[in-house]
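In what follows, a structure is listed as structure tokens, so that the remarks can point back to it.
The values are calculated or read from the model by the stated rules, or taken from the named source; none is laboratory data. What you see is a predicted model, and the numbers here were worked out from it, not measured in a lab. Using ideal geometry, Cβ is built from the backbone for each residue, glycine included, and neighbour counts are taken over all protein chains shown. For accessibility, only protein heavy atoms count, side chains too; no ligands or nucleic acids. Shrake-Rupley method; radii C 1.70, N 1.55, O 1.52, S 1.80 Å.
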Amino acid sequence: MGRKAKPIGLHIVEGNGSRLTKKEIQSRQEAEEALSPGTDHIRPPPWLGKVGKKEFKRLAEELKKLNLMTNVDVNALAAYCDAYADYMGCTKLIEEEGLMVEYTNNSAETNRVPHPLLTKKKQLHEQMKSLAVEFGLTPSSRARLAMPQKKKEVDSFGEMFD
């Protein structure tokens, strides 16, 4: 399989490594604009809870400013916001109940064990992190967009022998 295609804007920012001509770049830009989804229906879905909707509205506004949010991205952002809301709920419960909780096993012995929601919180964090990278919501994912790639030095003498 070949590499994933990059948007032409990103390709140019990274240094036009495949040496596209101005005509090819213009053609790609026009094709991408023709296929670009609209931005007129970016609203939180009704199934999203109160905390998730608030986060959705906050992030959607920021992503629209960067032209990174379209109508087809709504569900992916909603999934991130749903995980965020659940993460916040877990955090609140753990704060109230403490990191260690009492557990009574089958033989009626009571022990203190780590809160069971700690595992769920970790899973939600991983889900949020993977979705955040897709939207450029982490410092490293934004840095990759802004960092130009190093260009190879052209060795015309060495090319004669290839």
Can you tell me which residue in the range 10-19 is nearest to LEU68 (Cα to Cα), limited to those that are free of Cβ contacts under 8 Å to residues at least 24 places away in the same chain and open to solvent by 40 Å² or more (accessible area, probe 1.4 Å)?
ILE12
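A quick yes/no check of all residues on (1) open to solvent by 40 Å² or more (accessible area, probe 1.4 Å); (2) closer than 25 Å to LYS121 by Cβ; (3) modelled with pLDDT of 90 or more; (4) part of a helix (DSSP H, G or I):
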residue: ARG3; (1), (2), (3), (4): yes, no, no, no
residue: GLU30; (1), (2), (3), (4): yes, no, no, yes
residue: LYS64; (1), (2), (3), (4): yes, no, no, yes
residue: ASN75; (1), (2), (3), (4): yes, yes, yes, yes
residue: ALA78; (1), (2), (3), (4): no, yes, yes, yes
residue: LEU93; (1), (2), (3), (4): yes, yes, yes, yes
The conditions are (1) open to solvent by 80 Å² or more (accessible area, probe 1.4 Å); (2) in a helix (DSSP H, G or I), and ARG43 fails exactly one of them. Which is it?
(2)
Pair list, Cβ < 6 Å and 6+ apart or interchain, from the range 76-102 residues that are in contact (Cβ under 8 Å) with a residue 40 or more places away in the chain and on the phi < 0 side of the Ramachandran plot to residues that are among the acidic types (Asp, Glu) and open to solvent by less than 30 Å² (accessible area, probe 1.4 Å)
TYR84/GLU55
Of everything in the range 58-115, what is acidic (Asp, Glu) and over 18 Å from the mean Cα position of the chain (by Cα)? Give them in sequence order.
GLU95, GLU96, GLU97, GLU102, GLU109
In the set LEU48, LEU59, which member is crowded, with 16+ Cβ neighbours inside 10 Å, touching a residue at least 40 places away in the same chain (Cβ under 8 Å) and within 24 Å of LYS122 (Cβ to Cβ)?
LEU59
